[in-house]
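Shown next, in structure tokens, is the structure this report addresses.
Values in this text are rule-based calculations from the coordinates and carry no lab data. Small disclaimer: the values here were computed from a predicted structure and weren't measured. Heads up, the Cβs are rebuilt from the backbone with ideal geometry, glycines too, and the neighbour counts pull from every protein chain shown.
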Amino acid sequence: MELVGGEAAARGAETRLVRIEREMNDHGAMTVRVVETGELRTVVACATSDLRGRLASATEGAEFPLRLAPSPGRGNSWVALGR
């Protein structure tokens, strides 16, 4: 189990090829689409400030592998663990 902000991230972390659908907003949230399945995922947190900076600079339509885990206690939202 990986840590996010000192807390354990939910089980189920996976690396998927994603495409940016909505760039990161002022609250640090963004929407990505899993390329293989078409599933939309809302990323609400990042494991590190460096990762947040890299994702914040990504533009709509950019594709790259992203390690994601379900966000603990936040319903259908995700935490970015690595790129």
How many nm is it between the label spots at Glu63 and Glu36, if each spot is 7 Å from the Cα in line with the beta carbon? 1.4
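Looking only at Cα atoms, what is the convex hull volume of the chain per residue, in Å³?
83
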Residue by residue through the range 23-35, which ³J(HN,Hα) values in whole Hz follow from phi under the Karplus form 6.51 cos²θ - 1.76 cosθ + 1.60 (θ = phi - 60°), with glycine and proline marked x? 5, 4, 8, 5, 9, x, 9, 8, 10, 10, 10, 6, 4
Along the range 14-21, Karplus-curve 3J(HN,Hα) (6.51, -1.76, 1.60; θ = phi - 60°) to the nearest Hz, with x for Gly and Pro, reads 8, 9, 9, 6, 10, 10, 6, 9
Short version: ³J(HN,Hα) in whole Hz for each residue of the range 45-54, in order, from phi by Karplus 6.51 cos²θ - 1.76 cosθ + 1.60 (θ = phi - 60°), x for Gly and Pro, what are they? 7, 10, 5, 9, 5, 4, 4, 4, x, 5
Amide H contacts under 5 Å for Cys46, restricted to residues at least 5 apart in sequence or on another chain and with H modeled in the peptide plane, are Ala80
For the chain, size of Cβ-based charge dipole, Lys and Arg +1, Asp and Glu -1, in debye: 100
